[in-house]
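J.: Before I ask anything, here is the structure I am working with.
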Amino acid sequence: MSLREHVDAIVVGSGFGGSVAAYRLAEAGLSVVVLERGRSYPPGSFARTPAQMSRAFWDPDARLYGMFDVWGFRGFDSVVASGLGGGSLIYANVLMRKDEHWFVREQPLPGGGYENWPVTRADLDPHYDAVEKMLGAVPYPLDHPVYAHTPKTRAMRDAAAELGLEWRLPPLAVSFAPAPGAEPGIGLPVETPSYGNLHGARRTTCRLCGECDIGCNDGAKNSLDHTYLSAAVHHGADVRTLHEVENIRPLPRGGYAVDYVRHRPDDPDAPREPVRTMTCDRLVLAAGTYGTVYLLLRNREAFPAMSGALGTRFSGNGDLLTFLLRATDRGRARPLDASRGPVITSAIRLPDDADGVPGAGRGGYIEDGGYPGFVDWMVEGADIGDVVARATRFLLERFTGFFASAPDTNLSRELSELIGSGALSVSSLPLLGMGRDVADGELRLRDGRLDAKWSVATSEAYFERLRKTMQRIADVLGADYADHPAWFRKRIITVHPVGGAPMGRHPGEGVCDPYGEVFGYPGLYIADGSIMPGPVGTNPALTIAAMADRMCSRLLAARHGVSPTGSGPASTGAGPAGRSGGKAMGDRGTAGARADRRAGRDRPSLSFTEEMKGFYRPGVRNPGSTGERFSFRLTITVDDVDRFLADREHLARAEGWIDAEACGGRRPIHRGWFNLFAPGGAPDRRLMRYRLYFADGEDRPRTLSGWKNVFHGPLTDIWPATTTLYFRILDGHVPEGEDDMAPIVGAGTLTIELADFVRQLASFRAEGPGGLAALHRFAKFFAGNLWEIYGPGVD
Ligand SMILES: Cc1cc2nc3c(=O)[nH]c(=O)nc-3n(C[C@H](O)[C@H](O)[C@H](O)COP(=O)(O)OP(=O)(O)OC[C@H]3O[C@@H](n4cnc5c(N)ncnc54)[C@H](O)[C@@H]3O)c2cc1C
Ligand code: SF4
């Protein structure tokens, strides 16, 4: 007998790979739980004050639960993110495809061995398309009058033209316009997509503040929480923040167990919570390069067949940070305004031998950097009064800490000295380089902690080429060139760590196959930067997301091939029928629902999310208003609005979870049905019925059978009648009409709190042709029924 929660798929981490996987798998009808160690960051919640900034780092041992996870290894420093949406919270929004010829085949490496990509650009192109669309990727609108004055972008374009290099405006996942294809403008309200927004927060278009790398408080970044994760939640994924995975292992009869802890940052006195365990059929590791490789190394004994390639092919994707200082034009300061615009707007491309340019060397990109406006005055800090200078030093330290925070490196002071005093801010610009360095690094454990072995030695020719080109850009712009201080010790700072669990053609070459499935462990997938068998060369997030999308297509196709026949959907017109006393139905029960959803795409559909909370008593028959806490969160979906309205029973699909200690914690709904205003046996009586199948903590099938009684009375009864749900928990999966014969496990009452009701209203979404009109018809139906029941004509 198992006390564990079991789902179809667990996704560890919610960055580019994890979010895509969560959405694709939930959308296909699998029960999905996402375990993310960091917090959720709605717009407006990102740290800005010095006090907030000082807590914005990730180190739970020091009770720090912030967004910046800073690593200092021997040859390099690195920054990654912790939070719902992973790196998308702090990244610079650039979504670039890996160049076609950079998917090299068996290319010899300087130190021996070779680099080999078992996928091609053609394999990824359809997935690149899908991700770009979902993330709303558009180039910086430089030609539009509002954005035309962005000096750094123009300077990069001028420099590239002068040097004969290719320059481009890469796609950025930023909302410059309120909706795709609409006229761009600053600070306009962004239209909420049909799948809603998990924060339920207002978003506005980009205001060019340069704060992208410290979190966008306007919600203008189309980060993963606003896009893939919101869509995943809409499709029933259960996303849990502050849940950190510690251990993983395969189960003897298939599937995987995952041990995790919950963090409670808001309660400083809280003792460490006990380790909990969940199980799943498929486990997707998407904890980022460091997170995933650390988990696999730490649990290596549980995976004896794991490839010896674990830890190999690591690199920093050729990252190099440098600065242009004091740009001039005809003897006067040339404005570059690094603080105007998103952090990155344009890219200069350095060709590669692999492009058919012999002697070019290893290729790369140089992009304009940016920083928040408040850093401008920090840059001038050395010249101003004591108090401000102190604040300046503090903030500058924090800011540069995003790029490097090795304990022995006080970059702020060095950088401050480099910059010197004077009117610098306007004529200075960080340059961000990246490209095809040599992926011969290794991630491993040292004293139980993650350690990395990597140096610039074998990549020196590449880095020298990048630095020389940056110096030439500086010359063209009449600027001084400055290396990052760490370069003097041949250290680099990477924000793009990749590799460590590389894909390959066989276990001798890689940890996972070209789809991310781990060799020797069916159902164990890796979907993050660690599967790259070499540097991406461009900014890697889009490639990580596209590979995750491709992985899911294969996973779902394979699953369809072997999928047991489902007994039919919980869709409109087909109610719950046939008793199922077996164990959790998992994805079997949703196969038909998926088909129905696909079929329903040419018809208007709508959905909304309902959260109810209340009390439950085991062992009683009649619902009362006291007992143990009980809640549920359901997404109700009407696949075909017209069919729903015409149907006497007004039946819709319900997905989501219930949460109650007595039932074993949070339990996913395996199948669920909802009837809105079904006939109640009298003209002035209607029923809202809920039937939810789930399995409790001991894997016993259970049914929540609930009803809201809506019958004639004073108008003041509308609120309690429509927001109070009485329910029983029944043993087994009990079909409609058989409640009386089923053993009762307990009963309770749930209500909707006002705040949840407001959220519910905001969650209504219509999809498909004529969606808005369908929403209108639905609203009329709802109001009409209330009128029929409570209106003056009924007595
Ligand atoms: C300042 C900065 C700017 C950047 N700009 C760009 C850019 O413009 N374009 C681009 O392509 N890339 C950019 N990047 C890089 C990009 O953010 C990463 O390449 C990308 O986020 C990696 O995606 P991923 O899925 O591998 O992992 P991540 O996005 O890092 O997500 C991993 C997630 O897993 C969670 N996690 C880790 N361990 C555990 C655990 N044990 N249990 C539960 N959860 C866990 C983490 O909290 C995190 O949320 C930038 C990065 C930084 C730091
Ligand atoms: S520039 Fe400012 S508003 Fe625009 S995406 Fe970046 S942080 Fe958001």
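J.: For a quick check of your reading of the model, give me the residue pairs whose first member lies in region 217-237 and is polar (S, T, N, Q), whose second is away from ligand 2 (no atom under 14 Å from the Cβ), with beta-carbon atoms closer than 7 Å and at least 6 apart or on different chains.
T.: Partner pairs satisfying both residue conditions: Thr227/Met134; Ser230/Tyr195; Ser230/Gly196; Ser230/Asn197; Ser230/Leu198.
J.: I'd like the full set of residues that are assigned to a helix (DSSP H, G or I) and among the β-branched types (Val, Ile, Thr), limited to region 475-533.
T.: To start, the set of residues in region 475-533 that are assigned to a helix (DSSP H, G or I) comprises 475-476, 485-489, 529-531.
Those that are assigned to a helix (DSSP H, G or I) and among the β-branched types (Val, Ile, Thr): Val476, Ile531.
J.: If you check Thr192 against the conditions, is it under 30 Å from Val174 (Cβ atoms), of a type in the set (Ser, Thr, Tyr), more than 16 Å from ligand 2 (Cβ to nearest atom) and within 15 Å of the chain's Cα centre (by Cα)? Quick ask: steps written out before the conclusion?
T.: Details: under 30 Å from Val174 (Cβ atoms): yes; of a type in the set (Ser, Thr, Tyr): yes; more than 16 Å from ligand 2 (Cβ to nearest atom): yes; within 15 Å of the chain's Cα centre (by Cα): no.
In short, no.
J.: Among the residues of region 207-217, which ones are more than 20 Å from the chain's Cα centre (by Cα) and within 15 Å of ligand 1 (Cβ to nearest atom)?
T.: Of all residues in region 207-217, those more than 20 Å from the chain's Cα centre (by Cα) come to 207-210.
Across region 207-217, the qualifying residue is only Gly210.
J.: Can you pull out every residue in region 218-232 that is within 16 Å of ligand 1 (Cβ to nearest atom) and either part of a loop (DSSP other than H, G, I, E, B) or not basic (Lys, Arg) (or both)? Lay out the reasoning, then the answer.
T.: Pass one, region 218-232, residues within 16 Å of ligand 1 (Cβ to nearest atom): 220-230, 232.
Passing the criteria: Ala220, Asn222, Ser223, Leu224, Asp225, His226, Thr227, Tyr228, Leu229, Ser230, Ala232.
J.: Further question: Based on this model, can you work out whether Tyr260 counts as open to solvent by 20 Å² or more (accessible area, probe 1.4 Å), away from ligand 2 (no atom under 16 Å from the Cβ) and among the aromatic types (Phe, Trp, Tyr)? Outline the logic, then answer.
T.: Numbers: open to solvent by 20 Å² or more (accessible area, probe 1.4 Å): no; away from ligand 2 (no atom under 16 Å from the Cβ): yes; among the aromatic types (Phe, Trp, Tyr): yes.
Criteria not met by Tyr260.
J.: Is it the case, given these coordinates, that Glu183 is acidic (Asp, Glu), within 24 Å of Ser607 (Cα to Cα) and more than 16 Å from ligand 1 (Cβ to nearest atom)?
T.: On the way: acidic (Asp, Glu): yes; within 24 Å of Ser607 (Cα to Cα): no; more than 16 Å from ligand 1 (Cβ to nearest atom): yes.
No: the conditions fail for Glu183.
J.: Please go through region 210-234 and give me each residue that is in contact with a strand residue (DSSP E or B) (Cβ under 7 Å, 6 or more places away or on another chain) and within 14 Å of ligand 2 (Cβ to nearest atom), ordered by number.
T.: Those that are in contact with a strand residue (DSSP E or B) (Cβ under 7 Å, 6 or more places away or on another chain) and within 14 Å of ligand 2 (Cβ to nearest atom): Cys212, Asp218, Gly219, Ala220, Lys221, Asn222.
J.: Just to be sure before I move on: is Val511 open to solvent by 20 Å² or more (accessible area, probe 1.4 Å), in contact (Cβ under 8 Å) with a residue 40 or more places away in the chain and either β-branched (Val, Ile, Thr) or touching a Cys at 6+ places or on another chain (Cβ under 6 Å) (or both) in the structure I sent?
T.: Numbers: open to solvent by 20 Å² or more (accessible area, probe 1.4 Å): no; in contact (Cβ under 8 Å) with a residue 40 or more places away in the chain: yes; either β-branched (Val, Ile, Thr) or touching a Cys at 6+ places or on another chain (Cβ under 6 Å) (or both): yes.
No.
J.: In this structure, does Pro268 turn out to be in contact with a Lys or Arg (Cβ under 9 Å, 6 or more places away or on another chain), away from ligand 1 (no atom under 16 Å from the Cβ) and in contact (Cβ under 8 Å) with a residue 60 or more places away in the chain? Break it down into steps so the answer makes sense when it comes.
T.: Details: in contact with a Lys or Arg (Cβ under 9 Å, 6 or more places away or on another chain): yes; away from ligand 1 (no atom under 16 Å from the Cβ): yes; in contact (Cβ under 8 Å) with a residue 60 or more places away in the chain: yes.
Taking the combined requirement at face value, the residue satisfies it.
J.: With the requirement that a residue be over 34 Å from the mean Cα position of the chain (by Cα) and not charged (D, E, K, R), what does region 734-766 give you?
T.: If the condition is that a residue be over 34 Å from the mean Cα position of the chain (by Cα) and not charged (D, E, K, R), then Val734, Pro735, Gly737, Met741, Ala742, Pro743, Ile744, Val745, Gly746, Ala747, Gly748, Thr749 are the ones that fit.
J.: Can you go through Gly697, Gly706, Gly737, Gly768 and tell me which one is of a type outside the set (Phe, Trp, Tyr), on the phi > 0 side of the Ramachandran plot and touching a residue at least 24 places away in the same chain (Cβ under 8 Å)?
T.: Values: Gly697 fails: on the phi > 0 side of the Ramachandran plot; Gly706 fails: on the phi > 0 side of the Ramachandran plot; Gly737 fails: touching a residue at least 24 places away in the same chain (Cβ under 8 Å).
Residue meeting the stated conditions: Gly768.
J.: Quick one: Arg207 ticks every box in (1) assigned to a loop (DSSP other than H, G, I, E, B); (2) within 16 Å of ligand 2 (Cβ to nearest atom); (3) buried (at least 19 other Cβ atoms within 10 Å of the Cβ) except a single one, so which number is it?
T.: Among (1) assigned to a loop (DSSP other than H, G, I, E, B); (2) within 16 Å of ligand 2 (Cβ to nearest atom); (3) buried (at least 19 other Cβ atoms within 10 Å of the Cβ), the lone unmet condition for Arg207 is (3).
J.: Quick one: which strands (runs of 3 or more DSSP E) lie wholly within region 640-696 and hold at least 2 residues that are hydrophobic (A, V, I, L, M, F, W, C)? Even if it seems obvious, please write down each step before you answer.
T.: On the way: elements: 651-660, 665-668, 671-679, 685-695.
Hits in region 640-696: 651-660, 671-679, 685-695.
J.: Do the conditions hold for Gly83, that is, is it more than 18 Å from Arg505 (Cβ to Cβ) and within 16 Å of ligand 2 (Cβ to nearest atom)? Break it down into steps so the answer makes sense when it comes.
T.: Working: more than 18 Å from Arg505 (Cβ to Cβ): yes; within 16 Å of ligand 2 (Cβ to nearest atom): yes.
Yes.
J.: Does Ala220 satisfy being closer than 27 Å to Cys552 by Cβ and buried (at least 23 other Cβ atoms within 10 Å of the Cβ)?
T.: Details: closer than 27 Å to Cys552 by Cβ: no; buried (at least 23 other Cβ atoms within 10 Å of the Cβ): yes.
It is false that Ala220 is closer than 27 Å to Cys552 by Cβ and buried (at least 23 other Cβ atoms within 10 Å of the Cβ).
J.: Related question: Can you name the strands (runs of 3 or more DSSP E) wholly within region 1-115 that have at least 2 residues being open to solvent by 30 Å² or more (accessible area, probe 1.4 Å)? Steps first, answer last, please.
T.: Working: elements: 5-12, 32-35, 68-72, 76-81.
Where strands (runs of 3 or more DSSP E) fall fully within region 1-115 and carry at least 2 residues being open to solvent by 30 Å² or more (accessible area, probe 1.4 Å), they are 68-72.
J.: Report whether or not Asn197 is among the polar types (S, T, N, Q), more than 16 Å from ligand 1 (Cβ to nearest atom) and crowded, with 23+ Cβ neighbours inside 10 Å.
T.: yes
J.: While we're looking at this one, here's another question. Given the criterion away from ligand 1 (no atom under 16 Å from the Cβ) and closer than 30 Å to Asp281 by Cα, identify the matching residue among Ser19, Ser54, Ser31. Break it down stepwise before answering.
T.: Working: Ser19 fails: away from ligand 1 (no atom under 16 Å from the Cβ); Ser54 fails: closer than 30 Å to Asp281 by Cα.
Exactly one residue qualifies, and that residue is Ser31.
J.: When the residues of region 308-336 are filtered to those that are charged (D, E, K, R) and either within 16 Å of ligand 1 (Cβ to nearest atom) or open to solvent by less than 40 Å² (accessible area, probe 1.4 Å) (or both), which remaining residue is nearest to Gly534 (Cα to Cα)?
T.: Residues of region 308-336 charged (D, E, K, R): 313, 319, 326, 329-330, 332, 334.
Checking which are either within 16 Å of ligand 1 (Cβ to nearest atom) or open to solvent by less than 40 Å² (accessible area, probe 1.4 Å) (or both) leaves us with 313, 319.
Numbers: Arg313: 6, Asp319: 13 Å.
For region 308-336, the residue satisfying everything is Arg313.
J.: Checking Ala305 against (1) aliphatic (A, V, I, L, M); (2) outside any strand (DSSP E or B); (3) within 16 Å of ligand 1 (Cβ to nearest atom): exactly one of these is not met. Which one?
T.: (3)
J.: State yes or no: is Asp739 open to solvent by less than 40 Å² (accessible area, probe 1.4 Å) and of a type in the set (D, E, K, R)? Step through it out loud before you land on a result.
T.: Numbers: open to solvent by less than 40 Å² (accessible area, probe 1.4 Å): no; of a type in the set (D, E, K, R): yes.
Considered against the rule, which asks whether it is open to solvent by less than 40 Å² (accessible area, probe 1.4 Å) and of a type in the set (D, E, K, R), Asp739 comes out as no.
The values are calculated or read from the model by the stated rules, or taken from the named source; none is laboratory data. It should be emphasised that the depicted structure is a prediction, and the values quoted were computed from it without experimental measurement. Note: ideal-geometry Cβ built from the backbone for every residue, glycine included; neighbour counts use all protein chains shown. Remember, those area values only see protein heavy atoms, side chains included, never the ligands or the DNA or RNA. Shrake-Rupley method; radii C 1.70, N 1.55, O 1.52, S 1.80 Å.
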